[in-house]
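S.K.: For reference, the structure I am asking about is given below.
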Amino acid sequence: MTLTAVTTTEAPAPPTRPVWRVPPTVVVSFVVVALVLAWSIAPGVFSHQNPVDGIPSELFRPPSGAHWFGTDHLGRDEFARVVHGTASSVSSALVAVLIGLVVGGLFGLLSGFFGGLVDTTLARFVDVLLAIPSFLMAVVIVSALGFQTINAAVATGVSAVAVFARVLRSEVLKARSAVFVEASLLLGGSRASVLFRHVLPNASRSVLQLAVLQFGLSILTIASLAFLGYGDPPPASDWGLLISSGREYPLAPWLVWAPAVVTIVTVLSVNRISRWLRKTD
Amino acid sequence: MSRGYLPFALRRAGQAVLVILLAYVATFVVISVLPGDPVTATLRNPQNGFTEEQIARIVSYYGLDRPVLVQLWEALSRFVTGDLGVSLRSNRPVADMIGEVVPSTLVLAGASLGLALLLAFGIAFGVRYLPRPFGPALRSVPSLFLSVPGFLVGLLLIQIFSFGLGLFRAIDADSPWATFFAALTLGVWVSAQVAEVLIANLDREAEQDYAGVARARGLGQARLLLRHLLKPSALPVVTVLAVMIGEVLGGAVITEAVFGRTGLGSLVESSVASQDLPVLQAVVSLAAVVFVLVNLLADLVYPLLDPRVTVVRPEARVAVA
């Protein structure tokens, strides 16, 4: 209720900022994400059981000490399947974010920095990308490229291009109007050097936050595509595929809930980190 | 209504038409850069029972023997006149196939938007006015909703209310309860996005000087909300909902698959499975048309609803979404 003109940030930031005060939920989120990334890099370290060949005498065992997430219809350890499916579920989300970031970022950068005809042309292009519902776009692209997880990742990335382009464009516009950018142009800085030395670093914070957010969204989109069967076919074990095939065995509900909980916890953690990044901005 | 409204509306409408046409071109390009030739592969599939003459007729109908640019031009001119082509699978006009399933998806989409609004307003009001442990706890609900894949929400609802409580039969996809839960599945995601905007707006408006003045005059919280905070906070929701149309249309693919409904989403799924490209192209470009028109409408109506918005710089408002 005081005058709001003093500061534009929401948080009543104290003059001396405490050194990295991270809320406990964010710490937990980082641990979860680190664990999941470790699963995707070295699944064998975390699960010694075979994710592809099952043990016929151990069908549909409920979760226990020996099988944390139980076993499926072929006697395969569900935990091993989840861990080994992480690589394609999570790393492909990273690929998607990278595509969106690089392509969309380039669009936004060029659009915001050069303005004029470049801006107008790219803006229409981004409008078109936004107009096609992103999930439908991903479905069309993945069906054009073929049903593989890597194609699902490409499709997800392309459908995220527009968002990155938009955010980066507005960030560049914001940075461009800053006095120090004007000053460095007046001092004879070339456009390229100003772009990379000043504009890009200033835009990077909100782009990082967006990238993390899109990482979570991409995990969901890729899981949805896998759920529809547009990813790698079995015996691959993408989380979405695991959930989809687990549906056929209602008497073994852990086959749905184990991968489901892993997916939700992962995405929740990623979203929490993104939110924290936005707040500390 | 201000002086600049008509030029603004005309420019905005022109833009919309351009974007629709370009969206059609974009889907055409994506679909026709397909590696291989699934069109003739599909046609020659013995199961379809096309004779060589029929294949030749279909191929020349689609102009597949001509250069891609010519094909694009012809397809585009057909699209503009409302001719969506013929299915490669059933040999029926795509427009008829879409017409059959549209009502079901419309019901689903409408119900889910309604439910989403109810949920979102419930969450946002709860955040502000529920007593301490509950109100603030509700703040994390939208981000929880945004972390759950849509198909899981559907599976969970079916598990609880169909298999558990026996409220509806999962097989009977068009029963009112099944429709309700399908709409809820779609609505949860939308509601989270709307609720986030609402909560942020209410927080911001409550800090404004006018709200302080109203409080100082002795206005109770409920009055303050209804008389002062609600309108400026809720108006941007119009824009958010318009953008959400795209999410609803995309989410329909998942929701209809989970609940076994027929609709635009299931049409997409089946046409992907059978590589029925004309159908896929038509549904996706129609979705783009719907998205663009709804957003055009929202953009045109918004300045009339919100007197704070001037149409001089239409870009300024887009940042709200």
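S.K.: Order of A:152-162, B:10-20 by packing, highest average Cβ count within 10 Å first? Intermediate results must be reported in sequence, preceding the final value.
M.R.: On the way: A:152-162: 26.8, B:10-20: 15.8.
Put in order of decreasing packing, that is A:152-162, B:10-20.
S.K.: Please check: in the Gaussian network model of chain B (C-alpha springs, under 10 Å), which one of B:ASP299, B:ASP83, B:ASP276 has the largest mean-square fluctuation.
M.R.: So, out of B:ASP299, B:ASP83, B:ASP276, the one fluctuating most is B:ASP83.
S.K.: Search the structure for amide H atoms under 5 Å from the amide H of A:THR71, placed 1.01 Å from N in the peptide plane, and list their residues when 5 or more places away or on another chain.
M.R.: Placed amide hydrogens put A:PHE60, A:ARG61, A:GLU78 under 5 Å from A:THR71.
S.K.: Separate question: Along the charge dipole of the protein assembly as shown, Cβ charges K/R +1 and D/E -1, which of B:TRP73, B:PHE151, B:LEU229 sits furthest on the positive end?
M.R.: Ranked along the dipole, the leading option is B:LEU229.
S.K.: Now, a different point. Select from segment A:115-155 all residues whose loss of accessible area on going from the chain by itself to the full protein assembly reaches 40 Å² or more (probe 1.4 Å).
M.R.: Listed by number, the residues meeting the 40 Å² cut-off are A:ARG124, A:VAL128, A:ALA131, A:ILE132, A:PRO133, A:PHE135, A:LEU136, A:VAL140, A:SER143, A:ALA144.
S.K.: Can you pull the Rg over Rh of segment A:165-281, Cα-only, Kirkwood? Please list the in-between numbers first.
M.R.: Values: Rg = 21.4 Å, Rh = 17.2 Å.
Answer for segment A:165-281: 1.25.
S.K.: Take peptide B:246-255, look around each residue's Cβ out to 10 angstrom, count Cβ atoms belonging to other protein chains, and average those counts.
M.R.: Average neighbour count from other chains, rounded to a whole number: 5.
S.K.: So, in Å, what gap is there between the alpha-carbon centers of segment A:224-259 and segment B:52-130?
M.R.: 28 Å
S.K.: Using a cut-off of 15 Å between beta-carbons, work out the net charge of the residues near B:ILE123 (Lys and Arg +1, Asp and Glu -1, B:ILE123 not included). Could the numbers behind the result be given before it?
M.R.: On the way: positive: B:ARG128, B:ARG139; negative: B:GLU196, B:ASP203.
Result for the local shell: 0.
S.K.: In segment B:277-310, what residues drop by 40 Å² or more of accessible area when the other protein chains are put back, versus the chain on its own? Use 1.4 Å, and skip ligands and nucleic acids.
M.R.: B:VAL284, B:PHE291
S.K.: Would you please give the residues with an amide H less than 5 Å from that of B:VAL86, counting only those at least 5 places away or on a separate chain, with H modeled from the backbone geometry?
M.R.: Amide H neighbours of B:VAL86, under 5 Å, 5+ apart: B:VAL94.
S.K.: A further question follows. Of the options B:GLY14, B:VAL240, B:ALA206, report the single residue whose Cα projects farthest towards the positive end of the charge dipole of chain B (beta-carbon charges: Lys, Arg +1; Asp, Glu -1).
M.R.: Toward the positive end, the furthest listed residue is B:ALA206.
S.K.: May I pose another question? Using protein chains only (no ligands, no nucleic acids) and a 1.4 Å probe, work out which residues of segment A:204-226 have their accessible area cut by at least 40 Å² relative to the chain alone.
M.R.: Residues meeting the cut-off: A:LEU220.
S.K.: If I take the Cα coordinates of chain B and project them onto the principal axes, what are the three extents in Å, biggest first?
M.R.: That works out to 83, 59, 29 Å along the principal axes.
S.K.: Give me a single rounded figure for B:111-120: the average over its residues of other chain Cβ atoms within 10 Å of their Cβ.
M.R.: The mean count of partner-chain Cβ atoms within 10 Å per residue comes to 0.
S.K.: Hey, if you put +1 on the Cβ of every Lys and Arg and -1 on every Asp and Glu Cβ in segment B:176-321, which of B:TYR302, B:LEU186, B:ALA287 ends up farthest toward the positive end of that dipole?
M.R.: B:TYR302
S.K.: Still on this structure: Just report the Cα centroid separation between segment B:279-312 and segment A:120-194, whole Å.
M.R.: 21 Å
S.K.: Residue by residue through B:147-158, how many Cβ atoms from other chains fall within 10 Å of the Cβ on average?
M.R.: Taking all residues of B:147-158 together, the mean is 6.
S.K.: In a shell of Cβ-Cβ distance under 14 Å around B:SER233, excluding B:SER233 itself, what net charge do Lys and Arg (+1) and Asp and Glu (-1) give?
M.R.: Numbers: positive: B:ARG128, B:ARG204, B:ARG227, B:LYS231, B:ARG308; negative: B:GLU196, B:ASP203, B:GLU205, B:GLU207, B:ASP306.
Net of charged neighbours comes to 0.
S.K.: Any idea of the total accessible area buried by the B-A contact, 1.4 Å probe, rounded to 100 Å²?
M.R.: 3700 Å²
S.K.: So, with +1 on the Cβ of K and R and -1 on the Cβ of D and E, and no other charges, what is the size of the charge dipole of the protein assembly as shown about its Cα centre, to the nearest 20 debye?
M.R.: Here the size comes out at about 2300 debye.
S.K.: Oh, and also: Over the protein assembly as shown, give the accessible area per residue in Å² for a 1.4 Å probe, as an integer.
M.R.: On a per-residue basis, 48 Å².
S.K.: Of the accessible area of chain A, with the probe set at 1.4 angstrom, what percent is carbon plus sulfur?
M.R.: 69 percent
S.K.: Share of chain B's accessible area from carbon and sulfur, percent, 1.4 Å?
M.R.: 66 percent
S.K.: Between B:PRO278, B:PRO303, B:PRO236, where does the largest GNM mean-square fluctuation fall for chain B, given springs only between Cα atoms within less than 10 Å?
M.R.: Of B:PRO278, B:PRO303, B:PRO236, the Gaussian network model singles out B:PRO303 as fluctuating most.
The values are calculated or read from the model by the stated rules, or taken from the named source; none is laboratory data. None of these values were measured; they are calculated from a predicted model. For neighbour counting, all protein chains shown are included, and Cβ atoms are generated from backbone atoms with ideal geometry for every residue, glycine included. For accessibility, only protein heavy atoms count, side chains too; no ligands or nucleic acids. Shrake-Rupley method; radii C 1.70, N 1.55, O 1.52, S 1.80 Å.
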